[in-house]
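Notes for the one structure printed next.
Every number in this text was worked out from the coordinates using simple rules, so none of it is lab data. Here the structure is a predicted model, which is why all the values come from computation and not from measurement. Ideal geometry is used to build each Cβ from the backbone, glycine not excepted, and the neighbour counts take in all protein chains shown.
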Amino acid sequence: MKITSYEVDKLNDPTGIITGDRFEFLLGIEVPEDDELFDENNSLDLRVILVIEETEARIVQYHFINRSNGKVLDFGLEEEEEAIVLSFCKEHYNDII
């Protein structure tokens, strides 16, 4: 899996109930041909919610989206892929659009 583009936005909690800061990422991804997510006719996005609490960062939610029709796909990240995504998000969460 290769991250080809991204957008990031900070989510606001008007109630003040949620602790920490939440960031929403929309990652454009490219998957290899041998991956079960591969479809030569469709591009994929990965929507990720990242939480930053004090010195800890973690992914609390993610899902794959078929870019051509907006449908959510029922696939999960492998541990190695999730580590790559977390590292990328930690590096870029301050790049707010």
Q) Angle between the Cα long axis of helix 79-92 and the longest principal axis of the chain, 0 to 90 degrees, nearest 10? A) 50
**Q.** GNM top mover of PHE64, PHE23, PHE75 - the chain, alpha-carbon springs below 10 Å
**A.** PHE75
Q) Where Lys and Arg each count +1 and Asp and Glu each count -1, what net charge lies around ILE65 among other residues with Cβ under 9 Å from its Cβ? A) +2
Q) All other residues with a Cβ under 13 Å from the Cβ of TYR6 taken together, and with Lys, Arg as +1 and Asp, Glu as -1, what is their net charge? A) -4
**Q.** Two-site FRET efficiency, LEU26 against GLU54, from Cβ-Cβ distance with R₀ of 25 Å, rounded to 0.05
**A.** 0.45
Q: Rounded to the nearest 500, what is the 222 nm mean residue ellipticity of the chain from helices alone, with -39500 (n - 2.57) per DSSP H run of 4+ residues and division by all residues?
A: -4500 deg cm²/dmol
Q | Stretch gain in nm, segment HIS63-THR15, where the contour uses 0.36 nm per residue and the Cα spacing is subtracted | A | 14.8 nm
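Normalised by the number of residues in the chain, what is the relative contact order in percent for Cα pairs under 8 Å and 6+ residues apart?
Working: 163 pairs, mean separation 24.6, N = 97.
It comes to 25 percent, rounded to a whole number.
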